Amino acid sequence: MAKKVKKIKRTKEIKAVEPALVNVTDVGQHERFQDVYTDVSPNEAVTIRSKDNWAHIESKNNVHLKIEFLTDTMVRIRYAYKALEEDFSYAIDKSFKKTVKTKKTEDLNTAFLIAGKQLSCKIAKKDLSISFYNDAGKLINQDAGPCVFRSTIHKGFVKAEIKKKSIKTETFYGLGDKSGSLELRGQKLSNWNTDAFAYGADRDPLYKTIPFYFGLKSGDGYGIFHDNTYRSHFDFDSASNSEVTYHAEGGEINYYFIYGPELTSVAEQYAKLTGVPELPPMWALGFHQCRWSYYPEHRFISVAEEFRKRKIPCDSVYLDIDYMEGFRCFTVSKKFFPNLKKAIKKVKDLGFDTVVMIDPGIKAEEGYFVYDEGLKQGFFCKRTDGNLMLGPVWPDVCAFPDFTNKKVRKWFGALYEELYNDFEVSGFWNDMNEPAVFKVKSGTFPDEVLHHYEGHGGNHRKAHNIYGMQMTNSTQKGLKKLNNKKRPFVLTRAVYSGGQRYASVWTGDNIASWEHLQISNTQVQRLSVSGYSFAGSDIGGFVDQPTPELMSRWLQLGVFHPFYRIHSIGNREDGSAGVDEAKVLTEKDRMDQEPWSFGAKAEKINKTAIEFRYQLLPYIYTTFEQHISEGTPMTRSMIFEDQTNKKFIREERDFMFGRDLLVSPVNRAKAKTQKVNLPKGNWYNFYSYESFENKRFVNVKLTEDTIPVFARAGSVIPFHPVRQHTKEKLKEITFKIFADEQASIAYYYEDKGEGYGYEKKKFKKIYYDFVGKKESFDLKVRTKGKYKLPYKKYKYEIIGLEFEPNVLLIDGKKSACEYDPERKVLRIKSNQMVSKMRIY
Ligand code: MIG
């Protein structure tokens, strides 16, 4: 002991001021340091090759720049030292279409001008730095200097950096699951997928890597997506020196510059670039009930029964890790689930789909079929010395499949066969795929671990951030192959840009607090504009237990999160320390978080919230389809709705859900009123139908059982009767038509909610063209697709109609209706879909 202390002292005395990394130019011939770096920045341009939609410029000191126009408003920029890497990306969607064939190149003396139709770039000849202009010649974005490539003797390339100039009023959004303020100016954030148990607003990095941000500068919105999987760092002018810095700890500078000018257009373009999910099965948009864990079997079944008994709608129940035999993936605990297949059948008969967990860590144990097979085939990650990467997770020492290898993904994806096809588990939940490793400070693999990386090779520094995404790629494709009639449902914690094509996401291990309700609100908005619409949080909080009021408010917010699930740690110990073997908890240790666990009054409120979700499902499903066809984020921060309104720059409580609903969640205890800023246009209170014409501000009196929701004038919101689950047959639908003086177009989408019939035109799209509310009202309907809607009754509510009608013509025939002068709403019932309506 004494010896050790002495040593530390001596080290301190001598080396206290010595930096760990020194510039090679500052090191004399006989000096030695821990590591020494060299920086390279491009100097003057010496060659330019320009062809088709691209140009390639090289600097005298061997920095390469490739500029490629992809669409009229999107250009790809790559810088590399010595040579460009082989082009490969996990993020870019294969179906993304480049639409630009040619561009203009001009020599402007001190710069090259490379111009597309709506966007042009000036490249300074002295250092290859770039400025971006829109078609009106307005400067949108500009480098603050040349890029920098740093390498060190010990580590090789460690940094690729680029700096942008930023004016003080410019604001920033995006970046995936960050938990701090929605607007990013002043923040420094990193991307390195991390198991962030009980994170807070100041914790960074978190579980996900989405290196994509939006800038809003003097009214113009643009986006920058850095497609680089290494650990990366963003600094949004935290030092107030008017600079936004990005650097990755390896790889190239490889970014996509996307011009809006609407922020929503930028989000849509990004979604087209990196892809969108397939339509989920309808049940996955219902309500999900989860905890860590429901076991044994009878408890799992009784939770499902309890929902039906209490008439609270729910579509799925979850099995967390304890259903496995000693945490071995693809096995089932004989003790707790002696008859899992029967149990799943039993809850299925009650209308529940079952979702179970599969982790990436495979218990390193001879005789366990997954380990034996993976080992034999060489499918597990290895270190540079050829040995397996072994590390402790739930089952203790594990090996980890290398999901960056297609063969491995195929093998792993097929392992779901018994659970999916025989036991009829409906969906899978991939957790711990950052990848998480217990007991070491880094919480993950060491850098030296090697990955296949689709034949390109790379160490863990390069593959870490895409590990989880490729796990879900394996799961989703595997499920599709195992049963091509069912739409896969996959839920994941770790992702990289583009992973939205394979799985929905939740925001990880949050806490039962009002602050966390708001964090989940911010995170879901941020994820949504960053390509991940199908997102939600652990409602009520994963750690700790919410008050009844907090639980209810969170369930009310969750109605408007595409993924709607209660989840909690379920017991009073902090499970993060790890357990040896699953044990059945007694009531005393348990912390129940079912909708009825908070007393009768809260249960009623919770039931109302969940019922509202089911009533809104046709709107939510339409919104999902719009997300797929247009790339429009399902939830959008208010600034994305009206970027001319300064009040929305930092608005993070209120948000848009789908195209036409404005949601103002209650994020404080005991709140009595709530002030809501309305965007441009006319709005209606969704419940009272009170109309707000050209009003920019409302003070809403709050009730316990709803949160404020507003509908856009000129929208049609489809509404279902309450159901207990989505497999229950429907007989009627209501279309709530929010009338406007201006001509409006609304859109409705429906299909079977399962399978792929929609690929063969088995869907129905309904377009509503309508106008008027003061003296007349006219509506025309067009439909598309071959799907037969299941309804026997069609109800229409014309909301905001200011006159008592004399005549109502439905498809040319005089018809009866009912007018409520107080609420200014006209109600119409029909046995078939109306295709023409005229009211005067
Ligand atoms: O180390 O499977 O975020 O949702 O319940 C904890 C147990 C592992 C973390 C997940 C959480 C899940 C828990 N898991």
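So here's what we get for this one:
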| quantity | calculated |
| --- | --- |
| Condition check for residue 407: open to solvent by 70 Å² or more (accessible area, probe 1.4 Å) and of a type in the set (Lys, Arg) | yes |
| Residue within region 169-179 that is β-branched (Val, Ile, Thr), closer than 30 Å to residue 521 by Cβ and crowded, with 17+ Cβ neighbours inside 10 Å present | yes |
| Filter result for the condition that a residue is open to solvent by 50 Å² or more (accessible area, probe 1.4 Å) and within 24 Å of residue 271 (Cα to Cα), over 135, 93 | 135 |
| Some residue of region 370-378 being more than 16 Å from the ligand (Cβ to nearest atom), in contact with a Phe, Trp or Tyr (Cβ under 6 Å, 6 or more places away or on another chain) and over 21 Å from residue 323 (Cα atoms) | yes |
| Extreme residue, farthest from the ligand (Cβ to nearest atom), among residues of region 462-505 that are open to solvent by 20 Å² or more (accessible area, probe 1.4 Å) and of a type in the set (D, E, K, R) | 485 |
| Strands (runs of 3 or more DSSP E) lying entirely in region 751-804 (those with 3 or more residues that are over 35 Å from the mean Cα position of the chain (by Cα) and modelled with pLDDT of 95 or more) | 777-784 |
| Conditions (1) within 24 Å of residue 567 (Cβ to Cβ); (2) of a type outside the set (Val, Ile, Thr); (3) open to solvent by 10 Å² or more (accessible area, probe 1.4 Å): number failed by residue 420 | (3) |
| Answer from 165, 103 - the residue that is more than 24 Å from residue 466 (Cα to Cα) and in contact with a Gly (Cβ under 6 Å, 6 or more places away or on another chain) | 103 |
| Any chance residue 87 is free of Cβ contacts under 8 Å to residues at least 12 places away in the same chain, under 27 Å from residue 157 (Cβ atoms) and of a type in the set (Asp, Glu) | yes |
| Search result, residues across region 206-226 that are outside any strand (DSSP E or B), open to solvent by less than 20 Å² (accessible area, probe 1.4 Å) and either touching a Lys or Arg at 6+ places or on another chain (Cβ under 8 Å) or not β-branched (Val, Ile, Thr) (or both) | 206, 207, 211 |
| Unique residue being open to solvent by 30 Å² or more (accessible area, probe 1.4 Å) and either more than 30 Å from residue 549 (Cβ to Cβ) or outside any strand (DSSP E or B) (or both) when the list is 734, 706 | 706 |
| Residue match in region 519-542 (condition: among the basic types (Lys, Arg) and within 14 Å of the ligand (Cβ to nearest atom)) | no |
| Residues of region 227-251 satisfying the condition of being open to solvent by less than 30 Å² (accessible area, probe 1.4 Å) and assigned to a loop (DSSP other than H, G, I, E, B) | 227, 228, 229, 237, 250, 251 |
| Residue ranges of strands (runs of 3 or more DSSP E) in region 252-342 with at least 1 members more than 16 Å from the ligand (Cβ to nearest atom) | 253-259, 287-289 |
| Residue match in region 151-158 (condition: open to solvent by less than 10 Å² (accessible area, probe 1.4 Å) and either within 29 Å of residue 532 (Cα to Cα) or more than 16 Å from the ligand (Cβ to nearest atom) (or both)) | no |
| So residue 86, is it surrounded by fewer than 22 Cβ atoms within 10 Å (Cβ to Cβ) and in contact with a His (Cβ under 8 Å, 6 or more places away or on another chain) | yes |
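Each row is one residue, and each column tells you yes or no for (1) within 18 Å of residue 291 (Cα to Cα); (2) among the hydrophobic types (A, V, I, L, M, F, W, C); (3) touching a residue at least 40 places away in the same chain (Cβ under 8 Å).
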{"position": "336", "(1), (2), (3)": "yes, yes, yes"}
{"position": "340", "(1), (2), (3)": "yes, yes, yes"}
{"position": "346", "(1), (2), (3)": "no, no, yes"}
{"position": "356", "(1), (2), (3)": "yes, yes, yes"}
{"position": "360", "(1), (2), (3)": "no, no, yes"}
{"position": "367", "(1), (2), (3)": "no, no, no"}
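The values are calculated or read from the model by the stated rules, or taken from the named source; none is laboratory data. The structure displayed is predicted, hence computed values, not measured ones. Every residue, glycine among them, receives a Cβ derived from its backbone with ideal geometry; neighbour counts consider all protein chains shown. Only protein heavy atoms, including side chains, enter the accessible area calculation; ligands, DNA and RNA are left aside. Shrake-Rupley method; radii C 1.70, N 1.55, O 1.52, S 1.80 Å.
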